[in-house]
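These notes are about the structure you will find just below.
The values are calculated or read from the model by the stated rules, or taken from the named source; none is laboratory data. Remember, it's a predicted structure, so these values are computed and weren't measured experimentally. All Cβ positions, glycine included, derive from the backbone under ideal geometry; neighbour counts span all protein chains shown. Surface areas here come from the heavy atoms of the whole protein model, side chains and all, with no ligands, DNA or RNA. Shrake-Rupley method; radii C 1.70, N 1.55, O 1.52, S 1.80 Å.
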Amino acid sequence: MVHLGDWLLDRQLDDVAGGLLRRALEERGIGFLLGKQTAAILDDGQGGVAGVRFSDGEQVDAQLVVMAVGIRPNTALAESCGLHCERGIVVSDALQTYDPRVYAVGECVSHRGVAYGLVAPLFEQAKVCANHLAQLGIGRYQGSVLSTKLKVTGIDLFSAGDFMGGEGMEDIVLSDPAGGVYKKLVIKDDKLAGVCLYGDTADGAWYFKLLREGRSVADLRDTLMFGESAIGDAGVQGQSKAACMQDSDEVCGCNGVCKGSIVKAIKDKGLFTLDEVKKHTKAASSCGSCSGLVEQILMSVVGTDFQETPKTKAVCGCTERSHGEVRKAIREQHLLTHAEVFHFLEWRTPNGCATCRPAINYYLLSSWPHEAVDDPQSRFVNERVHANIQKDGTFSVIPQMKGGVTTASELRRIADVADKYQVPMVKVTGGQRIDLLGVKKEDLVNVWQDLGMQSGHAYGKSIRTVKTCVGSEFCRFGTQNSTQMGIDLETMLANMWSPHKVKLAVSGCPRNCAEAGIKDVGVIAVDSGWELYVGGNGGIKTEVAQFLCKVKTAEEVKEYSGAFLQLYREEAYYLDRTVHYIARVGLDVIKARVVTDAASRQALYQRLLFSLQGLPDPWAARIAGAQKNEFIPIKLEA
Amino acid sequence: MTDSQHWVQICALTDIPPQGSRVVERASGNVAVFRTHDDKVFALLDRCPHKGGPLSQGIVHGESVTCPLHSWNIDLATGAARAPDEGCARHFPVKLEHGMVLLGL
Ligand code: FES
């Protein structure tokens, strides 16, 4: 085997991995001549081949010569039209050639000096190009990060990014030549810049993901080399390795989709993106916790054709705009209605869809409190009717019980309602409240009226509960009155809409019986005051809340947690929990604006209080007759 | 539709919220009557072809409704699920006369 490069696969591997590959192949009886440029194929004088001569004058004998050459763009047509070409038709980030009337995509183009020979970049180019042809003019193709995955006679290879390293970069290397494993990670500015794996490529997809996301790996550095499983947490990122799963293993626990059906759908229907897989198989389309795993499966099936989910995601299919762009436009242009947003941002559909409408509704209400008017038709049914829809179309009703504290008379009324409306199940919730399940829609308003309690907002992207423990009033360990603190917080936050649900807890001592460590805002009383934690989550993927600060008084607890929640309300994207938001901006940013900068904190807190001021209890509004029709079915006279 | 079809006046157009719906109770299955942003009305059996979710409770956009249970998109005019989902909810004829909604049963 003759190769021009100094080692095998010199575009895909570094010299060490190339050397390992060479040795492995030599053991199988293949000989190599490297760094040789072929100058001529020698004639045996009878029309056959006799050998090959190299540019350094050496030559080898051969009876058969097989040549492998790469692709070269066929630019003849383009050149004859006078388009500028350099190893391909030169295009801009808009896929426009030097003649603005002509666009080009695919293997024939040279974009920022690179000609791509794979299908994934081509798709990306086509999208941007289509966008410009449709005169939407907002896409930009900035090149593709590619990975290579090869199986060379039973040896697994994977590489991506800048795996050669160099100036300003650091390498982490694991080398076990006897065991046939070599791994090299190249890090630049705390981010993964390149990967080269030889022998064991199980973590290739994971490294590639880190690479594309450009996320800081400083916190993973110690274990980075040992792969995804070494990080040790399970869940959202899809840690269980897609490749080792059996076809019958369940991937999506919500919709009961196993690996085999995902693989089949990908192959049969030619799917390339996570979104397509979600739509066709329903995997990862409910709670989304298996998205990472589904993405891995997709990568392992389609390999380099895999299309990554774009980083700044469009809100939905109705637009190219991201959540951030929509909110910015609403703020800067003072947009107050859905129609204005659709018009200003040139929505492709007349009135949006079930994905963008609720998001826009939230951005409008949170950006312009007391100005923008709520649009009930842009809310998911639960928020529209202030109760949770159940699988049989009935609803569950959860009245507010601040801090989990109730009274005999409330309990009596709840019991009476359960009897009167024949509620099939009465259940205590995890948020220290009582849930009446199986209420018919047409009974809702009467149930609320008979309960005489406020809405518990258990149905919304909104404040849910403040869970508390008993605290110093009764508990012998309690250091502060946690119950009252919880009630005060729940009172302050009543009727608060937010990007996603918000749960709080207040514990009276570090024993933390109220489980404040897994709440969006957790408050733990200590003898000298209160500790505040943020970004916890007890749901899909358990996340421990991070320490924000310690404060002295109950008033400060309200101010600091209120300011944090307002920051979340103003900046998090719709359907991001606090943990996602914090992961996106970093805890330091939050500390700076909520803890260090007192003026910023007070301003945030005031904005929260202003937004919440005078918001009506939705049940009371409905009892008073708002949108009453919605609850009354039309009867046909027989 | 068969000859036995008859038109029943069910409500005024304004009784249905724009981009909303009302439920008509019927012994053989409730009917969801929808009103779009541009005041067209459509009627479907109030049962999603997926797992029977009440379509009347979904979000109406364009000429589609999104089922509240698992977000299938159903075409209001035909009752057909939009690709890649497959299935169809029965649709009923409806017409508007002098601001009143008539349902063909
Ligand atoms: S029942 Fe309608 S989408 Fe599942």
Legend entry - Cleavage-rule hits (GluC sites (Glu not before Pro)) in region B:1-91: DSSP loop, at most 11 neighbouring Cβ within 10 angstrom: B:Glu86
Legend entry - Cα pair distances of region A:6-61 binned at 5 Å [whole percent]: 5, 18, 19, 17, 17, 16, 6, 3, 1
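Given the DSSP H assignment, sum -39500 (n - 2.57) over each helix run of at least 4 residues in the protein assembly as shown and divide by its residue total; what's the result at 222 nm in deg cm²/dmol, nearest 500?
The helix contribution divided over the protein assembly as shown gives -7500 deg cm²/dmol.
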Inset, instruction - Just the number, please: buried accessible area between A and B, total of both chains, 1.4 angstrom probe, nearest 100 square angstrom. - result: 2300 Å²
Legend entry - the protein assembly as shown pair-distance distribution - Cα-Cα, 10 Å bins, rounded %: 2, 11, 18, 22, 19, 13, 8, 4, 2, 1, 0
Legend entry - Heavy atoms of A:Tyr605: accessible area, 1.4 Å probe, square angstrom to 10: 20 Å²
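Counting only trypsin sites (Lys or Arg not before Pro) that are in a DSSP loop and have at most 10 other C-beta atoms within 10 Å, tell me the longest site-free stretch of chain A.
Values: sites that count: A:Arg11, A:Arg28, A:Arg101, A:Lys311, A:Lys391, A:Arg476, A:Lys552.
My reading of the result: A:102-310 is the longest stretch.
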Inset, instruction - Could you grab the relative contact order for region A:480-638? Cα pairs under 8 Å, six or more apart, rounded to a whole percent. - result: 18 percent
Inset, instruction - Rank these by accessible area, largest first, 1.4 Å probe: B:Glu97, A:Glu346. - result: A:Glu346, B:Glu97
Legend entry - Average accessible area per residue (Å²) across chain A - probe 1.4 Å, nucleic acids and ligands excluded: 48 Å²
Legend entry - Check: region A:378-483 dipole with +1 on Lys, Arg Cβ and -1 on Asp, Glu Cβ, in debye: 340 debye
Inset, instruction - Give me the percent of the accessible area of the protein assembly as shown that comes from carbon and sulfur atoms, probe 1.4 Å, all protein chains in place. - result: 51 percent
Inset, instruction - Can you grab the distance from the C-alpha centre of region B:42-71 to the C-alpha centre of region A:197-222, Å, no decimals? - result: 42 Å
Legend entry - Nearest-10 value in Å² for the accessible area of A:Met1, using the 1.4 Å probe: 110 Å²
Inset, instruction - Take the Cα of A:Thr349, step 7 Å along the line toward its Cβ, and report every residue of region A:595-638 whose backbone nitrogen sits under 11 Å from that point. - result: none
Inset, instruction - Express in whole angstrom the spacing between the alpha-carbon centres of region A:336-350 and region A:1-77. - result: 60 Å
Inset, instruction - Add +1 for every Lys or Arg and -1 for every Asp or Glu among the other residues with Cβ under 14 Å from the Cβ of A:Pro73, and state the total. - result: -1
Legend entry - Cβ-placed point charges (K, R +1; D, E -1), dipole of the protein assembly as shown about Cα centre in debye, nearest 20: 1820 debye
Inset, instruction - Quick one: what are the phi-derived ³J(HN,Hα) couplings along region A:416-433, Karplus 6.51/-1.76/1.60 with θ = phi - 60°, whole Hz, x for glycine and proline? - result: 5, 4, 4, 5, 4, 9, 6, 5, x, 9, 10, 9, 7, 8, x, x, 6, 9
Legend entry - Length-normalised contact order of chain A in % [C-alpha pairs under 8 Å, at least 6 apart]: 6 percent
Inset, instruction - Shielding by partners for B:60-69, please: the mean number of other protein chain Cβ atoms within 10 Å of each residue's Cβ. - result: 5
Legend entry - Average Cα contact separation per residue, region A:6-61, under 8 Å, 6 or more apart, as relative contact order %: 23 percent
Inset, instruction - For region A:412-475 and region A:548-612, compute the distance between their C-alpha centroids and round to whole Å. - result: 29 Å
